[in-house]
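The values are calculated or read from the model by the stated rules, or taken from the named source; none is laboratory data. Keep in mind it's a predicted model, so treat the numbers as computed, not measured. Note that each Cβ is placed from the backbone with ideal geometry, even for glycine, and that neighbours are counted across all protein chains shown. Just the protein is used for accessible areas: all its heavy atoms, side chains included, with ligands, DNA and RNA removed. Shrake-Rupley method; radii C 1.70, N 1.55, O 1.52, S 1.80 Å.
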Amino acid sequence: MQLLLFVLVCYGLTQTLVYGTIFQKIRPEHHFFHCPMCMGFWVGVLVYGLSFYTELFTFEPNWATAFLLGSLSSGTSYALCMLIGDEGINVKKN
């Protein structure tokens, strides 16, 4: 359950940072800030760092856990961003 909460928090934060209009005026033009995979990694590391201040999820305090959770956040944030768009679930028919 902790990993599911972690993934959903990371996805929501990544979605807001990459696509949210609230950050449109201050978001740099560099491709990193428009990539849910790149941003998802650092969001995962950030959320891991914040996990010591919340009871939603708890993880071991070491660099390997931070790296692995950043990777998990990157992959799931990218997959969910590609799967779910503004109009709902993205389905491409060839």
Consider VAL91 carefully, then state whether it is touching a residue at least 24 places away in the same chain (Cβ under 8 Å) and out of contact with any strand residue (DSSP E or B) (no Cβ under 7 Å at 6 or more places or on another chain).
no
With the requirement that a residue be exposed (fewer than 13 other Cβ atoms within 10 Å of the Cβ) and either within 15 Å of LEU8 (Cα to Cα) or of a type in the set (Ser, Thr, Tyr) (or both), what does region 57-69 give you?
THR58
Leading residue by the ranking (modelled with the highest pLDDT) among those in region 72-94 that are touching a helix residue (DSSP H, G or I) at 6+ places or on another chain (Cβ under 9 Å) and over 12 Å from PRO36 (Cα atoms):
LEU72
Near pairs, Cβ below 9 angstrom, 6+ apart or cross-chain, from region 13-36 (in contact (Cβ under 8 Å) with a residue 60 or more places away in the chain) to any residue that is open to solvent by less than 100 Å² (accessible area, probe 1.4 Å) and small (Gly, Ala, Ser):
THR14/GLY40; THR14/GLY44; THR14/SER73; THR14/SER74; THR14/SER77; GLN15/SER77; VAL18/GLY40; VAL18/SER77
Check on GLY40, part of a helix (DSSP H, G or I), in contact (Cβ under 8 Å) with a residue 24 or more places away in the chain, more than 18 Å from LEU83 (Cβ to Cβ) and touching a helix residue (DSSP H, G or I) at 6+ places or on another chain (Cβ under 6 Å):
no
Go through the residues of region 70-78 one by one and say whether even a single one is of a type in the set (A, V, I, L, M) and part of a helix (DSSP H, G or I).
yes
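What do you reckon, is THR58 assigned to a loop (DSSP other than H, G, I, E, B), of a type in the set (S, T, N, Q) and in contact (Cβ under 8 Å) with a residue 40 or more places away in the chain?
yes
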Residue list for region 46-55, restricted to those being assigned to a loop (DSSP other than H, G, I, E, B) and either charged (D, E, K, R) or modelled with pLDDT of 95 or more (or both):
GLU55
